[in-house]
Amino acid sequence: MTMPEIAFDTPPGEYRAGACNIGPAEIARRRRAGIVGLVAAGVLAVALVVLDAPTTARLLIGIPLAGGASGFLQARLRFCAGFGMAGIRNFGAVGSVERVEDAAARHSDRMKAYRISLAAAAIGGVGALAFALLSL
């Protein structure tokens with residue numbers, strides 16, 4: 001699996017199909033979501049250890065890990081997976097969106113959204129497996 005393209009050559013605030021569909025306000029929102037996911041994973045990890053939860057229960061940590069990874073990936077890549085799937089973009093205030101009219105651009109956005117989602121799920125899964133194996 002290849003990592004999604006990073007839109008470093010796209011100026012902030014400029015849409016590029018399959019590469020950049022959010023501006024600074026939305027990027028900051030994704031970064032905050034990543035932090036919340038990471039903190040939630042840490043709190044859950046501590047709770048599972050304190051409760052001496054069984055190995056299989058420790059796999060639950062993958063859920064907030066995947067959520068945090070998704071937020072950080074979207075912020076880093078300047079691309080919202082949810083917007084990509086919905087065929088929208090936002091470079092203004094949070095909550096204001098524009099529809100992506102071009103079908104080829106929507107397809108490119110959808111493919112990037114799938115790659116981000118798969119990468120986040122893989123990170124969550126690997127992290128959960130590693131955490132669960134630590135309890136063996």
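The values are calculated or read from the model by the stated rules, or taken from the named source; none is laboratory data. What you see is a predicted model, and the numbers here were worked out from it, not measured in a lab. When we count neighbours, we look across all protein chains shown, and the Cβ atoms used for this are built from the backbone with ideal geometry, even at glycine.
Counting just the residues of the stretch 20-35 that are part of a helix (DSSP H, G or I) and more than 12 Å from the chain's Cα centre (by Cα), which one comes out surrounded by the most Cβ atoms within 10 Å (Cβ to Cβ)? Explain how you work it out, then say what you get.
Filtering the stretch 20-35 for residues part of a helix (DSSP H, G or I) gives 24-35.
Still in the list and also more than 12 Å from the chain's Cα centre (by Cα): 24-26, 28.
Values: Pro24: 12, Ala25: 14, Glu26: 25, Ala28: 13.
Within the stretch 20-35, the match that is surrounded by the most Cβ atoms within 10 Å (Cβ to Cβ) is Glu26.
Given the conditions (1) part of a loop (DSSP other than H, G, I, E, B); (2) over 24 Å from Val43 (Cα atoms), report the number of the one that Leu136 does not fulfil.
So Leu136 meets the others, but not (2).
Only one of these is among the polar types (S, T, N, Q), more than 15 Å from Ala17 (Cα to Cα) and surrounded by 14 or more Cβ atoms within 10 Å (Cβ to Cβ): Ser108, Ser96, Ser117. Name it. Before the answer, list the steps.
Numbers: Ser108 fails: more than 15 Å from Ala17 (Cα to Cα); Ser96 fails: surrounded by 14 or more Cβ atoms within 10 Å (Cβ to Cβ).
Testing whether each residue is among the polar types (S, T, N, Q), more than 15 Å from Ala17 (Cα to Cα) and surrounded by 14 or more Cβ atoms within 10 Å (Cβ to Cβ) leaves just Ser117.
Does Ala40 satisfy the condition of being surrounded by fewer than 21 Cβ atoms within 10 Å (Cβ to Cβ), among the small types (Gly, Ala, Ser) and assigned to a helix (DSSP H, G or I)?
Working: surrounded by fewer than 21 Cβ atoms within 10 Å (Cβ to Cβ): yes; among the small types (Gly, Ala, Ser): yes; assigned to a helix (DSSP H, G or I): yes.
Spelling it out, Ala40 is indeed surrounded by fewer than 21 Cβ atoms within 10 Å (Cβ to Cβ), among the small types (Gly, Ala, Ser) and assigned to a helix (DSSP H, G or I).
Within the set of pairs 6+ apart or on separate chains, which have a first residue in the stretch 121-136 that is of a type in the set (Ser, Thr, Tyr), a second that is at pLDDT 95 or above and part of a helix (DSSP H, G or I), and C-beta atoms under 9 Å apart?
From the stretch 121-136, the pairs are Ser135/Leu48; Ser135/Val49; Ser135/Arg58.
With respect to Ala45, is the statement that it is at pLDDT below 95 and not charged (D, E, K, R) true? Write out each step before concluding.
Numbers: at pLDDT below 95: no; not charged (D, E, K, R): yes.
Considered against the rule, which asks whether it is at pLDDT below 95 and not charged (D, E, K, R), Ala45 comes out as no.
Looking at (1) under 25 Å from Leu136 (Cα atoms); (2) at pLDDT below 95; (3) within 17 Å of the chain's Cα centre (by Cα), which one does Thr55 not meet, given that it meets all the others?
(3)
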